[in-house]
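Reading through the structure tokens given below for one structure.
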Amino acid sequence: MRQKTLASVFPVFLLIIISVVLFFPMTVGATQVVDITSGDVGHTYDITWMDPTSSTGLPTNLSATGSFTVKSLSSSEILLNITLNNTTSSSFQAAILSLGMTSSPSVSGQLLGASSVFTGLSDPGNFPGGFKNINLCLYAGSNCNGGDINNGLQSASSTSFELALTTSTGNFLSSGIDLSQFPVKFQTQDGSFEFGDSVFPAAPEPSSVLLAGTGFLMILPFFRRTIRKRLFLI
């Protein structure tokens, strides 16, 4: 008797799970991969960082944005113009001391132009916080691991600089370059935090919701007939 009853309600339970997945997708963060090819000269890629108070326990979110503009590209060198904005509330001292990235193929870097904050560069990056395979790290402190909070990019502040990336193992014109991970290190008045960029999936398009709803209405009578038949047999 119990097995038949569970079997009769299982399709409804499964349908509820499917509906939740369709209508309320999980917002799981994933790192962004920037794929740069010869056709991307002049294009800008935007990166977003967010470490919420629910994760850090701080009174405000740690947040930043970055714009990476491809100024030029040759077989062995890519020139990027980078603007980094620390969008953390100005009422809380939280300075960005390091910015890293992973590249494929591996690259060497050189800071060009004048940055009011970032003055050091290391490749490979050896980024703190457990990040692996970081090819390059820009830093404002004494090294990639951090330094004096007052040397970093302060809350509600921004800086711009140029970064040249060169390779001896690939050809940017034929295969391009992939940049990813983009970890940042925040030194705050209440401790230090390292985290990567995140891209969150958007809510379902109206057409997708309509399609899902239509499918739900079409299969609902089938489950009703199945449930009634099984209950009658019991």
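The values are calculated or read from the model by the stated rules, or taken from the named source; none is laboratory data. Treat the numbers as computed from the prediction; the structure is a model and nothing was measured. Ideal geometry is used to build each Cβ from the backbone, glycine not excepted, and the neighbour counts take in all protein chains shown. Ligands, DNA and RNA are stripped out before the accessible areas are found, and what is left, the full protein with its side chains, is counted by its heavy atoms. Shrake-Rupley method; radii C 1.70, N 1.55, O 1.52, S 1.80 Å.
Just reorder ASP197, ASP148 by solvent-accessible area, largest first, 1.4 Å probe, all chains present.
ASP148, ASP197
Rounded to the nearest Å, what's the spacing between the alpha carbon centres of region 70-98 and region 167-195? Just the number, please.
If you average the Cα positions of each part, the centres end up 10 Å apart.
What ranking do 184-193, 92-101 get when scored by the average of other Cβ atoms within 10 Å per residue, highest first?
92-101, 184-193
Below 15 angstrom from the Cβ of PHE172, what's the summed charge of the other residues (Lys, Arg +1; Asp, Glu -1)?
Net of charged neighbours comes to -3.
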